[in-house]
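The values are calculated or read from the model by the stated rules, or taken from the named source; none is laboratory data. Just so it is clear, the structure is predicted and the values come from calculations on it, not from any experiment. All Cβ positions, glycine included, derive from the backbone under ideal geometry; neighbour counts span all protein chains shown. For the accessible areas, the whole protein counts, side chains as well, though only heavy atoms, and no ligand, DNA or RNA atoms are used. Shrake-Rupley method; radii C 1.70, N 1.55, O 1.52, S 1.80 Å.
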Amino acid sequence: MGDNGNILAQLSNALSATVEAVSRSIVRVEARRRGHASGIAWSKEGLVVTAHHAVQRDHDLRIGLPEGGTVEAELVGRDPTTDVAVLRARGATLHPPTWAEADSLHVGHLVLSVGRHDTHAQASLGIVAKKDGAWRTPTGGHVDAFLQTDILVYPGFSGSALVDAEGRAGGMNTSWFLRRSSLTLPAATLRRVVGVLLEHGRVRRGLLGVGAHPAQLPGSVRQDLEQHAGLLVVSVEDESPAEAAGVLVGDLIVGLDGEPVQHLESLLFLLTEERIGKAVPLRVVRGGRLETLTVTVGERR
């Protein structure tokens with residue numbers, strides 16, 4: 001009993017010390033009408049990474065500092081597809097955490113979420129519940145690894161840091177993609193997206209200009225393509241790449257640039273920055289027959 005008590009006390013003290021150490025890297029983000037969110041210090045020079053959905057305005061932004069007080073901030077850039085935003089705290093010197101890569105986190109590992117939606121740091125304890133490979137968000141963003149925890153998502157915890165047992169930040173938590181559950185954007189994703197935002201202010205995404213939803217393919221076409229579904233075009237935007245290519249309402253989109261398209265996520269997956277401005281083949285089913293159009297991919301604004 002005594003030994004067990006000592007082990008629990010040691011664990012409790014270690015967790016408390018970890019939260020205290022990491023909290024100097026966690027700021028409060030004041031950027032929406034109700035409630036605040038959390039952010040992670042990205043550079044000593046005042047850069048902060050936080051959740052895009054928590055930044056509901058582009059102006060009148062403030063950062064609550066770990067040592068107390070607030071400073072004005074400006075929006076550097078945002079990427080809705082990965083739910084990442086970068087702010088710059090004016091005149092502040094920050095303390096970035098030590099980062100851990102996703103390959104050091106495994107299912108069952110104890111992890112903490114450390115946020116600051118109020119004056120003081122707050123923490124929640126859990127485990128890595130699921131881990132998988134790279135994935136695309138429903139809006140087409142590329143995330144390098146799927147990390148899901150069973151951590152309780154308190155209000156204001158979007159933008160908080162996922163912290164491993166060694167006190168390293170494994171990524172940024174967001175409740176944007178799964179209701180009542182926390183996903184973590186790993187350090188590699190943050191590094192890539194923040195780099196693009198610092199350079200361009202946004203992440204470029206391709207555009208066709210259609211409204212569509214999944215639909216089953218006719219039997220003969222299904223056998224020829226060896227796929228069961230495509231995207232039924234229900235609208236075509238005026239002066240869009242799709243209109244210029246001759247896409248019609250009622251077409252079934254089944255492929256883009258040699259890759260199959262069976263649902264909206266697969267189309268968004270293919271509309272990458274590398275395809276913007278490039279003329280690529282677009283396969284459609286029209287009147288029960290396969291046709292190939294040529295579309296020059298536009299840029300989403």
(Q) Any residue that is surrounded by 15 or more Cβ atoms within 10 Å (Cβ to Cβ), under 30 Å from VAL48 (Cβ atoms) and basic (Lys, Arg) - is there at least one of those in the stretch 258-278? (A) no
(Q) Tell me whether the stretch 26-38 contains one or more residues that are over 30 Å from PHE269 (Cβ atoms), β-branched (Val, Ile, Thr) and surrounded by fewer than 19 Cβ atoms within 10 Å (Cβ to Cβ). (A) no
Q: Please list, ordered by first then second residue, the pairs with beta carbon atoms under 8 Å, 6 or more apart or interchain, first in the stretch 19-35 and in contact (Cβ under 8 Å) with a residue 40 or more places away in the chain, second buried (at least 19 other Cβ atoms within 10 Å of the Cβ) and polar (S, T, N, Q).
A: ILE26/SER38; ILE26/SER160; VAL27/SER38; ARG28/SER38; VAL29/SER38; VAL29/THR50; ALA31/THR50
Q: Take VAL107 and decide whether it is surrounded by fewer than 21 Cβ atoms within 10 Å (Cβ to Cβ), in contact with a Lys or Arg (Cβ under 6 Å, 6 or more places away or on another chain) and closer than 16 Å to LEU183 by Cβ.
A: yes
Q) In the stretch 279-297, how many residues are in contact with a helix residue (DSSP H, G or I) (Cβ under 7 Å, 6 or more places away or on another chain), surrounded by 12 or more Cβ atoms within 10 Å (Cβ to Cβ) and within 23 Å of ASP224 (Cβ to Cβ)? A) 5
(Q) Test of understanding: among VAL111, VAL163, VAL107, VAL143, which residue is in contact with a strand residue (DSSP E or B) (Cβ under 6 Å, 6 or more places away or on another chain), over 20 Å from ALA31 (Cβ atoms), modelled with pLDDT under 95 and among the β-branched types (Val, Ile, Thr)? (A) VAL143
Q | From the options THR174, THR184, residue that is open to solvent by less than 30 Å² (accessible area, probe 1.4 Å) and either at positive phi or in contact with an Asp or Glu (Cβ under 7 Å, 6 or more places away or on another chain) (or both) | A | THR174
